[in-house]
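The values are calculated or read from the model by the stated rules, or taken from the named source; none is laboratory data. Note that the structure is a prediction, hence the values are computed from the model and not measured. All Cβ positions, glycine included, derive from the backbone under ideal geometry; neighbour counts span all protein chains shown.
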Amino acid sequence: MRYNFTVKSNIHFGSGSMSALSEILSGYAFEKVMIVYDGGVKAAGITKKILAEVEKSETSYCCFDEVIPNPTNEVVEKAARIAKENRVKGLIAIGGGSSIDLAKAVNILMTNPGAIGDYGGINTVKEPCLPLIAIPTTAGTSSEITNVCALIDTQRVVKYVIIDNKIIASDIIADPELTLTMPKSVTAATGMDAITHAMESYISNMATPLTEYHSLKGLKILFENIRRAYEDGSNLDAREQMMLGCIITGFGFSNANLGMVHAIAHTLSAHFAIAHGMANAAVLPYVMEFNMPACRKKMAQIAEAIGLKNSGDATADSAAVVQALKELCDAVGIQTLSQLGIHREDFDVIAADALKEAPLQFNPRQNVSKEDILFILESAY
């Protein structure tokens, strides 16, 4: 058997690891860097702490603080123009998946010609990118560790992905102290995002023993700690475990890809601006239920990983996983599609566009029809 498994980043992990930033920057000796973040990170006081570390290294910098949820091509192009005007030699991304994905996209344009929309798909980036230091402030997307960048094309009204090992962050600072300010709703959405990544990558038809190990290990950690982090955001141990589970899971899904949950969630985000993690969580139990006939053995293994009693009946254990997911969604306040503002008359366009999504090719149950997706949407409503 032969497998490809990419691990590229230098990872600084644990409480207080933010202090490594000045040393990392000194090692690169950048003339100037761009720091990418959003308003929430600034409001939480995180940016101020990080800028202090940057200044310790005597590195010049410019800032881009106009990151939006589900970043668009237009925002990426604007940030790239500023980065080029400032002749930056590296980037620092602070925040969740939106900030890190935007920085990855800007990084592509720093060394590659054309518009960012030219790079959708797999292995489309030709030239190596600049060093990127990713500093996550959530535990969910795993964007800090993966080779994936997700963007919105507002012209085509689609959420598309760029998958390329060249865009993986060169350095990661995963300091759980930076996640202590996350609101409960963000803790829930990002945590369920990470659980979705773990489950979808584990049952992916591209999974290998190397990816399965990371996906299942990450899932176990995430499932054991999401309620703890949600119920008490100041619990540093729970925050650290969620961040650890997220990174371990990222190793898995970056190499195994995802599936039908993401095909639907991308469409929900593109058309209705629903936060990615919430979109995933809203449909996850029902997609797993749909996939049961194709992966009962693996779902029974998932049942054991999340602490459910092994009955010896793969069908019963698979059903128990679905029920456990529904109960978890209720416990952490995940909204239904109707509560998220989706209407039944929207189902047709959601289903039609989801069928065009690349992640469907990695779903364990193939030959998905429009009627299948419509049934899932109705179940999640």
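Please tell me if Val36 is within 20 Å of Thr59 (Cα to Cα) and not assigned by TED's automatic domain parsing to the domain that holds Gly252.
Working: within 20 Å of Thr59 (Cα to Cα): yes; not assigned by TED's automatic domain parsing to the domain that holds Gly252: yes.
When the stated conditions are applied, Val36 passes them.
Suppose we filter Asn112, Asn73, Asn107 for residues that are within 20 Å of Thr154 (Cα to Cα) and surrounded by 14 or more Cβ atoms within 10 Å (Cβ to Cβ); which single one remains? So that I can check it myself, show each step before the final result.
Numbers: Asn112 fails: within 20 Å of Thr154 (Cα to Cα); Asn107 fails: within 20 Å of Thr154 (Cα to Cα).
Exactly one of Asn112, Asn73, Asn107 is within 20 Å of Thr154 (Cα to Cα) and surrounded by 14 or more Cβ atoms within 10 Å (Cβ to Cβ), namely Asn73.
Report every pair of residues separated by at least 6 positions or lying on different chains whose Cβ atoms are under 7 Å apart, first residue within segment 58-69 and in contact (Cβ under 8 Å) with a residue 60 or more places away in the chain, second crowded, with 16+ Cβ neighbours inside 10 Å.
Pro69/Ser98; Pro69/Ala275
Filter segment 97-139 down to the residues that are in contact with a Cys (Cβ under 6 Å, 6 or more places away or on another chain) and over 15 Å from Ala80 (Cα atoms) and list them by number.
Across segment 97-139, the qualifying residue is only Ala139.
Ala294 versus (1) buried (at least 24 other Cβ atoms within 10 Å of the Cβ); (2) of a type outside the set (Lys, Arg); (3) within 17 Å of Pro359 (Cα to Cα): which is the lone unmet condition?
It fails just one condition, (1).
Can you confirm whether segment 350-358 contains a residue that is more than 30 Å from Ile162 (Cβ to Cβ), in a helix (DSSP H, G or I) and either in contact with a helix residue (DSSP H, G or I) (Cβ under 6 Å, 6 or more places away or on another chain) or not assigned by TED's automatic domain parsing to the domain that holds Ala150 (or both)? Full working, then the answer.
Within segment 350-358, the subset more than 30 Å from Ile162 (Cβ to Cβ) is none.
No: segment 350-358 contains no residue that is more than 30 Å from Ile162 (Cβ to Cβ), in a helix (DSSP H, G or I) and either in contact with a helix residue (DSSP H, G or I) (Cβ under 6 Å, 6 or more places away or on another chain) or not assigned by TED's automatic domain parsing to the domain that holds Ala150 (or both).
Under the condition of being among the small types (Gly, Ala, Ser) and farther than 16 Å from Ala305 by Cβ, which residue from segment 239-254 is surrounded by the fewest Cβ atoms within 10 Å (Cβ to Cβ)?
Looking only at segment 239-254, we keep the residues that are among the small types (Gly, Ala, Ser), and these are 245, 250, 252, 254.
Of the ones still in play, those that are also farther than 16 Å from Ala305 by Cβ are 250, 254.
On the way: Gly250: 27, Ser254: 25.
Ranking the candidates gives Ser254 first.
Restricting to segment 259-284, count the residues that are under 16 Å from Tyr381 (Cα atoms) and either outside any helix (DSSP H, G or I) or not assigned by TED's automatic domain parsing to the domain that holds Asn363 (or both).
Matching residues across segment 259-284 total 1.
Out of (1) outside any helix (DSSP H, G or I); (2) surrounded by 15 or more Cβ atoms within 10 Å (Cβ to Cβ); (3) under 22 Å from the mean Cα position of the chain (by Cα); (4) not charged (D, E, K, R), the odd one out for Thr6 is which?
Among (1) outside any helix (DSSP H, G or I); (2) surrounded by 15 or more Cβ atoms within 10 Å (Cβ to Cβ); (3) under 22 Å from the mean Cα position of the chain (by Cα); (4) not charged (D, E, K, R), the lone unmet condition for Thr6 is (2).
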